[in-house]
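Trainee: Structure provided below as structure tokens; questions to follow.
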Amino acid sequence: MAYNSERRTDKKDDVLDKEGANELPLVRVNFVLMAVAGAMIVLGFLLMAGGASDWGAFNPDIFSTRRVVVGPTIAFLGFIFMGVGIMYSPRKKV
């Protein structure tokens, strides 16, 4: 292994440039959208949850529309909206 004695004199390539506030990958809008999506996911799981039932008795409430359709739909849309919130890119002002 030979040591390369040639050194770069160009310091511009060696220094990492700090990004400005407007160049960050996620901005405030992204975090607001992700918070809304997280709330939708939690709401969907809460709608799927239910009360306890006795071991000996059948509870037909486990097949209610709220638990089987509405809750999973809201949770699924929350997961989709989370991806949208992460990928959302506001338009640059020219």
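The values are calculated or read from the model by the stated rules, or taken from the named source; none is laboratory data. Please read all numbers here as calculations on a predicted model, not as lab measurements. Here the Cβ is made from the backbone with ideal geometry for all residues, glycine too, and neighbour counts use every protein chain on show. Protein only, heavy atoms only, side chains kept; ligands, DNA and RNA dropped before computing areas. Shrake-Rupley method; radii C 1.70, N 1.55, O 1.52, S 1.80 Å.
Trainee: Do the conditions hold for D61, that is, is it open to solvent by less than 90 Å² (accessible area, probe 1.4 Å), modelled with pLDDT under 95 and not in a loop (DSSP other than H, G, I, E, B)? Let's see the steps before the verdict.
Mentor: Values: open to solvent by less than 90 Å² (accessible area, probe 1.4 Å): yes; modelled with pLDDT under 95: yes; not in a loop (DSSP other than H, G, I, E, B): yes.
So D61 passes the test.
Trainee: Could you check region 64-94 and list, in sequence order, the residues that are in a loop (DSSP other than H, G, I, E, B) and either under 19 Å from F45 (Cβ atoms) or acidic (D, E) (or both)? Give the derivation first.
Mentor: Within region 64-94, the first condition is being in a loop (DSSP other than H, G, I, E, B), and the residues that meet it are 64, 88-94.
The answer is S64, and nothing else.
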